[in-house]
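Visitor: Handing you a structure now.
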Amino acid sequence: MIHAGWIKEENARIFCEIIASLAGYDFDDLDWQAVGCALPDTDDEQEERWYGYPLAGRGTRLDLRLAQAVGGSVVMVEVYGDADDVLRGRVELACDVAAAYGMSRT
């Protein structure tokens with residue numbers, strides 16, 4: 001595992017886009033439709049109810065696992081893949097920013 005943590009629910013799409021860009025994957029509306037439609041049925045307290053989404057980019061593959069936190073407005077996230085120290089740091093930074101700040105695509 002590269003990183004595990006949580007992000008603000010409203011940052012879920014942007015977080016997915018950032019992690020995808022780190023993998024060299026073009027995350028688009030259809031990708032978000034798949035993830036966004038799956039999230040409401042997830043549950044961070046039940047392992048089998050986490051949602052996994054592969055991001056196979058140019059030369060790098062990262063796998064996201066996401067689940068709604070029970071009783072909260074955050075999404076638990078896990079990122080898996082083969083990562084050097086630089087990629088690991090970028091993933092950790094993306095998670096930290098998505099947990100601490102409101103993010104927008106403007």
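The values are calculated or read from the model by the stated rules, or taken from the named source; none is laboratory data. Note that the structure is predicted; figures quoted are calculated from it, not measured. Positions of Cβ are backbone-derived with ideal geometry, glycine not excepted, and every protein chain shown enters the neighbour counts.
Visitor: When both residues are 6+ apart or on different chains and their Cβ atoms are under 6 Å apart, which pairs have a first residue that lies in region 64-93 and is within 20 Å of Glu48 (Cα to Cα), and a second that is hydroxyl-bearing (Ser, Thr, Tyr) and part of a strand (DSSP E or B)?
Guide: Pairs found: Leu64/Tyr53; Leu66/Tyr51.
This table checks each residue for (1) touching a Phe, Trp or Tyr at 6+ places or on another chain (Cβ under 8 Å); (2) outside any loop (DSSP other than H, G, I, E, B).
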{"residue": "Met1", "(1), (2)": "yes, no"}
{"residue": "Ile18", "(1), (2)": "no, yes"}
{"residue": "Gln33", "(1), (2)": "no, yes"}
{"residue": "Glu45", "(1), (2)": "no, no"}
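Visitor: Another one. What do you reckon, is Arg58 closer than 24 Å to Arg105 by Cβ and in a strand (DSSP E or B)?
Guide: Numbers: closer than 24 Å to Arg105 by Cβ: yes; in a strand (DSSP E or B): no.
Here the answer is no, as Arg58 does not meet what is asked.
Visitor: Check Gly71, Gly89, Gly52 and return the single one that is out of contact with any strand residue (DSSP E or B) (no Cβ under 8 Å at 6 or more places or on another chain), over 14 Å from Ile14 (Cα atoms) and either modelled with pLDDT under 95 or part of a strand (DSSP E or B) (or both).
Guide: Numbers: Gly89 fails: either modelled with pLDDT under 95 or part of a strand (DSSP E or B) (or both); Gly52 fails: out of contact with any strand residue (DSSP E or B) (no Cβ under 8 Å at 6 or more places or on another chain).
Exactly one of Gly71, Gly89, Gly52 is out of contact with any strand residue (DSSP E or B) (no Cβ under 8 Å at 6 or more places or on another chain), over 14 Å from Ile14 (Cα atoms) and either modelled with pLDDT under 95 or part of a strand (DSSP E or B) (or both), namely Gly71.
Visitor: Shifting gears a bit: Can you name every residue in region 1-13 that is over 15 Å from Tyr80 (Cα atoms) and either surrounded by fewer than 20 Cβ atoms within 10 Å (Cβ to Cβ) or touching a His at 6+ places or on another chain (Cβ under 6 Å) (or both)? Give the derivation first.
Guide: Let us first name the residues in region 1-13 that are over 15 Å from Tyr80 (Cα atoms), namely 7-13.
Within region 1-13, Lys8, Glu9, Glu10, Arg13 meet the criteria.
Visitor: Right, something else. Within region 1-34, count every residue that is among the charged types (D, E, K, R) and more than 14 Å from Met103 (Cβ to Cβ).
Guide: Counting residues in region 1-34 that are among the charged types (D, E, K, R) and more than 14 Å from Met103 (Cβ to Cβ) gives 4.
Visitor: Which of the residues that make up region 53-68 are surrounded by 14 or more Cβ atoms within 10 Å (Cβ to Cβ) and over 14 Å from the mean Cα position of the chain (by Cα)?
Guide: Gly57, Thr60 - these are the residues of region 53-68 that are surrounded by 14 or more Cβ atoms within 10 Å (Cβ to Cβ) and over 14 Å from the mean Cα position of the chain (by Cα).
Visitor: State whether the residues of region 29-38 include one that is within 19 Å of Ser104 (Cα to Cα) and in contact (Cβ under 8 Å) with a residue 24 or more places away in the chain.
Guide: Within region 29-38, one or more residues are within 19 Å of Ser104 (Cα to Cα) and in contact (Cβ under 8 Å) with a residue 24 or more places away in the chain.
Visitor: A further question on this structure: I'm trying to understand the selection: among the residues of region 25-52, which are surrounded by 14 or more Cβ atoms within 10 Å (Cβ to Cβ) and within 22 Å of Gly72 (Cα to Cα)?
Guide: Trp32, Val35, Ala38, Leu39, Thr42, Asp43, Asp44, Trp50, Tyr51
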